[in-house]
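Heads up, the thing below is written out as structure tokens.
The values are calculated or read from the model by the stated rules, or taken from the named source; none is laboratory data. Computed from a prediction, not measured in an experiment: that's the story for all the values here. Positions of Cβ are backbone-derived with ideal geometry, glycine not excepted, and every protein chain shown enters the neighbour counts.
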Amino acid sequence: MSVLKASVTEATQRLLGFLEHTQVEDGSWSVPYTGPNFLLPLYVITTYLTKHPVSQKDRFRFVAGLLSPQLADGSVGLHEESVQGAVFTSAISYVALRILDEKPDRPELTRMRNWIHNAGTPVKAAAWGKFILSILNLYDWSGVTPVPPELYLLPSWVPVQPINISGYVRIVYLPMAYFYGRRWQAPLDPLLRELRKELFPQGFDQIDWPKHRADLAPTDHIVPETLLVRLAMPIVRCLEKWIPPFIRRKALHLTYEHICYEDEQSDYIRQAPVNACYNTLAHFVEGQTDRVARSWQQLPRYLWNHTDHIACQGFTSSKVWDTAFTLQGMTHLESSLAPKKSIQEGCHYLVENQVIDELPNPRRYHRLPRKGGWPFSERKNGWSIADCTAESLLALVAARPFLSSPPSPSVLEDGVRFILSYQNRDGGWGSCDRVVGPLWIEAFNASHVFADIMVDHSFAECTGSVLSALALIRNEYPQMQSKGVDHAIAEGIRYLSETQRPDGSWEAVWGICFNYGTSFAIPGLIAAGLSKEDTRIVKGRNFLLSQQHADGGWGEHPDSCLLRRPLPSEKGLVEPTALAVLALLASGSKENSAVVRGLEFLLKQQKADGDFPPQPIPGLFYRTTLIRYDHYKRAFPLKAFAAFLKS
């Protein structure tokens with residue numbers, strides 16, 4: 001064991017050297033937060049629709065970014081590691097490439113177009129693809145799933161009123177409702193006329209659009225519509241004909257008011273790139289040139305400039321999230337090993353990016369209180385998130401011995417108060433929202449390619465993070481919100497107890513998948529007071545032990561997220577191995593052979609410069625679309641090394 005300890009110490013020092021070298025000036029760690037293949041095409045399409053030209057220098061890099069995920073058959077999948085294409089992403093990628101002046105006879109475009117034709121043309125695209133093409137005048141609104149803006153005029157007790165829908169989804173469907181209500185389409189120009197011919201060899205004017213609303217290629221029919229959606233859509237179509245014009249005008253005015261509110265409260269950064277692009281176009285349609293200009297000052301923040309191409313990120317960054325995890329590893333090292341300067345600078349970044357103001361009249365605009373929380377990326381994003389807040393609190397509290405001026409107690413108390421306010425009735429925590437509406441409104445999901453989007457459900461990994469943070473607060477600051485913290489912890493334990501699967505695992509939504517959820521749930525429950533011999537801990541631990549690969553590592557195939565059962569990866573991977581080691585150390589002895597083999601796996605993977613080799617994408621959202629967390633391969637091993645050396 002002493003030999004292993006020496007090896008882990010040496011590996012930790014190399015990893016710290018790499019992290020100190022890559023820490024950016026503001027104190028954070030910054031990596032590309034890319035993955036979904038529908039983001040960059042939408043960005044390029046927005047430049048075209050708002051008449052915001054792409055420079056010739058950038059044009060080639062955008063083209064390279066659009067072509068980089070193309071598969072051998074010519075298609076483009078939902079995400080960077082897709083093994084099959086989707087009509088949705090292939091069609092809008094083709095349009096974006098043509099917007100960038102690529103010729104239709106370029107071999108890559110020829111193969112892409114042929115694949116789209118063979119898949120049934122864009123009439124077979126998922127709902128979001130049909131929507132984007134309708135805005136471009138490359139599809140007809142009568143063939144699009146209705147998103148009536150009048151939903152915003154309904155009382156809040158009506159389940160489908162947007163106030164009852166998850167914030168991540170509501171904020172995208174807000175501008176979609178605006179465009180659907182206006183039936184706005186780009187004026188036809190020579191390029192769009194050519195694209196109609198190129199995309200629809202059957203003849204654009206010959207298509208019976210309404211019958212294709214739910215006509216989907218198998219590649220775009222990942223999440224089937226419910227019977228409720230199929231029955232409701234024709235009824236909505238019929239009812240729309242009877243909406244008085246003044247009601248439609250009122251609804252459009254209200255949706256645009258919401259759009260302006262979201263933009264103003266985030267300094268036009270917005271929550272994420274989809275609503276950022278749509279909102280920019282809404283201002284263009286409204287003739288608000290100042291708002292369009294402010295939008296284009298911020299939109300490039302979503303781009304990541306690789307050496308040879310441009311990619312579009314899912315947020316402007318993942319800096320708060322990655323910095324919090326990195327600091328947790330650093331602060332659990334003994335004083336002689338811990339990099340004090342990096343810790344101090346990282347803590348400064350976290351404190352500077354806590355959300356410190358409250359939204360004006362938040363419930364009118366379907367928002368919850370946000371003060372005291374931490375966002376995923378940066379303060380100006382303005383969306384406080386429960387587990388980002390929990391991980392930031394864990395980092396800041398543990399960092400106190402290394403700081404000359406520890407964070408003010410008010411910083412911590414505001415964070416705790418925010419977390420307590422976001423607990424769901426089932427005892428768990430989600431991400432950017434509480435569950436407000438009934439869970440059955442999930443039946444109205446008509447996206448075709450994303451699962452469980454209508455409600456910001458409680459999640460095992462988020463709840464595990466929050467339990468760890470609240471337990472630390474209870475130990476270090478016993479008087480801080482003591483009654484609320486005790487109750488919240490008890491309820492969080494109840495949620496994880498009720499959602500543990502028969503095999504001992506917990507299912508995650510933001511990571512892959514059963515290993516990820518279990519690796520957050522176990523430390524959270526241990527921190528909350530469960531003993532290592534508790535049946536729930538033993539079952540969870542046994543699940544992790546059963547998932548260890550022959551090479552000593554852990555790894556899970558992304559398909560486990562959609563199939564909702566554990567599927568092993570071909571070999572061990574860095575991130576899930578580090579997380580499993582952390583969970584096993586929290587619930588057992590460091591001398592356990594599985595822990596030793598897991599650490600030895602990590603040591604073998606580490607490169608000479610302290611970093612780890614590129615890994616498959618470890619994150620996802622809505623069970624179907626992978627998204628990068630490239631810093632996990634550094635932050636999680638550092639935490640695992642620190643936990644082993646401390647145990």
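Return a yes/no flag: does the stretch 178-192 have any residue that is under 29 Å from the mean Cα position of the chain (by Cα), surrounded by 20 or more Cβ atoms within 10 Å (Cβ to Cβ) and within 30 Å of Ala386 (Cβ to Cβ). Yes: the stretch 178-192 contains one or more residues that are under 29 Å from the mean Cα position of the chain (by Cα), surrounded by 20 or more Cβ atoms within 10 Å (Cβ to Cβ) and within 30 Å of Ala386 (Cβ to Cβ). Taken over the stretch 292-319, the criterion of being over 20 Å from His52 (Cβ atoms), outside the structural domain of Val24 (by TED's automatic domain parsing) and either in a helix (DSSP H, G or I) or free of Cβ contacts under 8 Å to residues at least 40 places away in the same chain (or both) is satisfied by Thr307 alone.
Being under 30 Å from Gln84 (Cβ atoms) and of a type in the set (Asp, Glu) is a description that does not apply to Glu600. Just one of the listed residues (Gln547, Gln481, Gln500) is surrounded by 15 or more Cβ atoms within 10 Å (Cβ to Cβ), touching a helix residue (DSSP H, G or I) at 6+ places or on another chain (Cβ under 9 Å), polar (S, T, N, Q) and modelled with pLDDT under 95, namely Gln481.
Given the stretch 539-633, what strands (runs of 3 or more DSSP E) lie entirely inside it while holding 3 or more residues that are assigned by TED's automatic domain parsing to the domain that holds Asn445 and without any contact (Cβ under 8 Å) to a residue 40 or more places away in the chain? Please lay out each step first, then the result.
Values: elements: 554-556, 568-573, 619-621, 625-627.
The strands (runs of 3 or more DSSP E) meeting that bar are 568-573.
Of all the criteria given as (1) in contact with a Leu (Cβ under 6 Å, 6 or more places away or on another chain); (2) crowded, with 23+ Cβ neighbours inside 10 Å, the one not satisfied by Leu327 is (1). A count restricted to the stretch 374-408 and to residues that are part of a helix (DSSP H, G or I) and not charged (D, E, K, R) stands at 14. Being under 28 Å from Ile165 (Cα atoms) and crowded, with 21+ Cβ neighbours inside 10 Å is the requirement here; does Gly464 meet it? It is true that Gly464 is under 28 Å from Ile165 (Cα atoms) and crowded, with 21+ Cβ neighbours inside 10 Å.
If the requirement is being over 21 Å from Gly504 (Cα atoms), among the small types (Gly, Ala, Ser) and buried (at least 23 other Cβ atoms within 10 Å of the Cβ), which of these qualifies: Ala580, Ala608, Ala640?
Details: Ala580 fails: over 21 Å from Gly504 (Cα atoms); Ala608 fails: buried (at least 23 other Cβ atoms within 10 Å of the Cβ).
The match here is Ala640.
Could you go through the stretch 429-443 and let me know if any residue there is modelled with pLDDT of 95 or more and crowded, with 20+ Cβ neighbours inside 10 Å.
If we filter the stretch 429-443 for residues that are modelled with pLDDT of 95 or more, which is where we start, we get 429.
If we keep only those that are crowded, with 20+ Cβ neighbours inside 10 Å as well, we get 429.
Yes: the stretch 429-443 contains one or more residues that are modelled with pLDDT of 95 or more and crowded, with 20+ Cβ neighbours inside 10 Å.
Filtering Ile343, Ile441, Ile356 for residues that are in the same structural domain as Val320 (by TED's automatic domain parsing) and closer than 29 Å to Thr226 by Cβ leaves a single hit, Ile441. Cβ-Cβ contacts under 7 Å between residues 6 or more apart (or on different chains), taken from a first residue in the stretch 385-410 that is without any contact (Cβ under 8 Å) to a residue 24 or more places away in the chain to a second residue that is part of a loop (DSSP other than H, G, I, E, B), are listed as Arg400/Pro406. Under the condition of being touching a helix residue (DSSP H, G or I) at 6+ places or on another chain (Cβ under 7 Å) and without any contact (Cβ under 8 Å) to a residue 24 or more places away in the chain, the residues counted in the stretch 215-262 number 0. Of the residues making up the stretch 409-465, those that are among the β-branched types (Val, Ile, Thr) and in a loop (DSSP other than H, G, I, E, B) number 5.
Being of a type in the set (Gly, Ala, Ser) and over 30 Å from Glu264 (Cβ atoms) is a property that holds for Ser336.
Annotation: of all residues in the stretch 144-173 being assigned to a helix (DSSP H, G or I), within 18 Å of the chain's Cα centre (by Cα) and not charged (D, E, K, R), the one that is surrounded by the fewest Cβ atoms within 10 Å (Cβ to Cβ) is Val172. Take the residues of the stretch 364-384 that are without any contact (Cβ under 8 Å) to a residue 60 or more places away in the chain and over 14 Å from Arg417 (Cα atoms): which is nearest to the chain's Cα centre (by Cα)? Looking at residues that are without any contact (Cβ under 8 Å) to a residue 60 or more places away in the chain and over 14 Å from Arg417 (Cα atoms), I get Pro375. Being closer than 23 Å to Ser447 by Cβ, of a type in the set (Gly, Ala, Ser) and in contact with a Ser or Thr (Cβ under 8 Å, 6 or more places away or on another chain) is a property that does not hold for Gly120.
Residue pairs whose Cβ atoms lie under 7 Å apart, separated by 6 or more positions or on different chains, with the first residue in the stretch 21-35 and closer than 14 Å to Lys633 by Cα and the second of a type in the set (A, V, I, L, M) and part of a loop (DSSP other than H, G, I, E, B), are Ser30/Val24. Could we say that Gly85 is in contact (Cβ under 8 Å) with a residue 60 or more places away in the chain, part of a loop (DSSP other than H, G, I, E, B) and surrounded by fewer than 20 Cβ atoms within 10 Å (Cβ to Cβ) here? Judged against the criteria, Gly85 is not a match.
What tally of residues in the stretch 487-517 results from selecting those that are under 17 Å from Asp559 (Cα atoms) and assigned to a helix (DSSP H, G or I)?
Filtering the stretch 487-517 down to residues under 17 Å from Asp559 (Cα atoms) leaves 505-517.
Keeping just the survivors that are assigned to a helix (DSSP H, G or I) gives 514-517.
Qualifying residue count, the stretch 487-517: 4.
Scan the stretch 107-121 and give yes if some residue there is among the hydroxyl-bearing types (Ser, Thr, Tyr), part of a helix (DSSP H, G or I) and over 28 Å from the mean Cα position of the chain (by Cα), otherwise no. For the stretch 107-121, residues among the hydroxyl-bearing types (Ser, Thr, Tyr), part of a helix (DSSP H, G or I) and over 28 Å from the mean Cα position of the chain (by Cα): present. Within the stretch 225-254, can you find the residues that are over 26 Å from Ala125 (Cα atoms) and assigned to a helix (DSSP H, G or I)? Of everything in the stretch 225-254, those that are over 26 Å from Ala125 (Cα atoms) and assigned to a helix (DSSP H, G or I) turn out to be Pro245, Phe246, Ile247, Arg248, Arg249, Lys250, Ala251, Leu252, His253, Leu254.
If you take just the helices (runs of 4 or more DSSP H) that sit entirely in the stretch 1-82, which of them hold at least 3 residues that are under 19 Å from the mean Cα position of the chain (by Cα)?
Correct list: 39-49.
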